[in-house]
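**Student:** Provided herewith is a single structure, encoded as structure tokens, for subsequent inquiry.
The values are calculated or read from the model by the stated rules, or taken from the named source; none is laboratory data. Model, not experiment: these values are computed from the prediction. Virtual Cβ from ideal backbone geometry, glycine too; neighbours counted across all protein chains shown. For accessibility, only protein heavy atoms count, side chains too; no ligands or nucleic acids. Shrake-Rupley method; radii C 1.70, N 1.55, O 1.52, S 1.80 Å.
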Amino acid sequence: MTPGPLPALLRTQGKLLLRLNPLRNRLFIKNFGLGWIIAILNGPAILTAGILAMETVQERALEIPARFASESPGIIRSIKQRDLLNTWLRLYDRLQCPPKFEDYQPERLSDELADTVYYTIDGTYEVPRIMIDSDGTRMSNAYGAIGKGRELDEYLGKKLAPIIIPIYHECIQRRLPVYTVSRVQDMYGLGVDYERLLMPFTDGDRVTRIVASLKTISEHGSFEIRNLMRANDVLPVYELRAVIDRNLFHRPPRRIDANDIIEFD
């Protein structure tokens, strides 16, 4: 039996490429049949080329930027997320370090609770443990499960954790807000932008809490939020990963006094 051409075969196995793991050889044999078992046994060069091509396609599918961009607060799209960040910036501006969690009291926070998730950071481990400390309704719906009391990487699972956990680690290590925009698909294949804003808080020394604001929007208007992050085998594609490390201050616009004279040209 002669196996078909490798490039055509790779194009037809997109789902497998996204699930690639260290057991890639066994998966390769299982999914591509006897013809490719013969090719593997008799053509090491073909196998090597196949694995390299598969890894290239996988990396392209994840589309994770190599580094985080350096941005100012103006990069944030959502007005409500900007308001939350502005409150954080006012506190940061006083001491030039992340504020204490108890000092963070943004206006109309109750209106944002459905889109807000609180995390507790245990920094006593070599790799910080991130525990979900609240039930953000939007996150629970998007991931299909309640997360309160669970460790974040366990909650995300093996498929999503490697591309999401580094965002939280960047926030912890840099001690600065991190903002990401990723494109996902709902269960009906509609494109949805998932906008995530992470804000760190300290006990005066290390980061002990993170507040996350999660927003979803689609150019199609309505979409299905249920299981948004797990609805199919298409992983999030990052359009932006940024650390907010420029213009770290917020000056509210000066109020116009009743006796001020305003001139118009």
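**Student:** Taking the options Val117, Val127, name whichever one is under 25 Å from Leu89 (Cα atoms) and touching a helix residue (DSSP H, G or I) at 6+ places or on another chain (Cβ under 9 Å).
**Tutor:** Among Val117, Val127, only Val117 is under 25 Å from Leu89 (Cα atoms) and touching a helix residue (DSSP H, G or I) at 6+ places or on another chain (Cβ under 9 Å).
A quick yes/no check of all residues on (1) among the basic types (Lys, Arg); (2) open to solvent by 40 Å² or more (accessible area, probe 1.4 Å); (3) touching a Phe, Trp or Tyr at 6+ places or on another chain (Cβ under 6 Å); (4) modelled with pLDDT of 85 or more:
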position	(1), (2), (3), (4)
Asp203	no, yes, no, yes
Thr208	no, no, no, yes
Ile217	no, yes, no, yes
His220	no, yes, no, yes
Phe223	no, yes, no, yes
Asn227	no, yes, no, yes
Ala242	no, no, yes, yes
Ile256	no, yes, no, no
Ile261	no, yes, no, no
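**Student:** Which pairs do you get when a residue that is open to solvent by 50 Å² or more (accessible area, probe 1.4 Å), found in the range 90-102, comes within reach of a residue that is of a type in the set (Lys, Arg), reach meaning Cβ atoms under 7 angstrom, with the pair 6+ apart or on two chains?
**Tutor:** Phe101/Arg209
Residues are listed down the side, and each one gets a yes or a no for (1) more than 16 Å from the chain's Cα centre (by Cα); (2) among the aliphatic types (A, V, I, L, M); (3) farther than 12 Å from Ile121 by Cβ:
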| site | (1), (2), (3) |
| --- | --- |
| Tyr155 | no, no, yes |
| Ile172 | no, yes, no |
| Gln185 | no, no, yes |
| Gly189 | yes, no, yes |
| Thr208 | yes, no, no |
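**Student:** Go through (1) open to solvent by 100 Å² or more (accessible area, probe 1.4 Å); (2) under 14 Å from Ile210 (Cα atoms); (3) in contact (Cβ under 8 Å) with a residue 24 or more places away in the chain for Val117 and report which single condition fails.
**Tutor:** (1)
**Student:** OK, next. How many residues are among the polar types (S, T, N, Q) and either surrounded by 18 or more Cβ atoms within 10 Å (Cβ to Cβ) or not in a helix (DSSP H, G or I) (or both) when one looks only at the range 103-114?
**Tutor:** 1
**Student:** Tyr194 - would you say it is crowded, with 18+ Cβ neighbours inside 10 Å, of a type in the set (Ser, Thr, Tyr) and outside any strand (DSSP E or B)?
**Tutor:** no
**Student:** Filter the range 120-151 down to the residues that are under 15 Å from the mean Cα position of the chain (by Cα) and under 12 Å from Ser213 (Cβ atoms), then identify the one that is most open to solvent (accessible area, probe 1.4 Å).
**Tutor:** My answer is Arg138.
**Student:** Another question about this same structure. If I filter the range 169-185 for residues that are open to solvent by less than 40 Å² (accessible area, probe 1.4 Å), over 17 Å from Arg206 (Cα atoms), in a helix (DSSP H, G or I) and at pLDDT below 95, do I get at least one hit?
**Tutor:** Checked the range 169-185: no residue is open to solvent by less than 40 Å² (accessible area, probe 1.4 Å), over 17 Å from Arg206 (Cα atoms), in a helix (DSSP H, G or I) and at pLDDT below 95.
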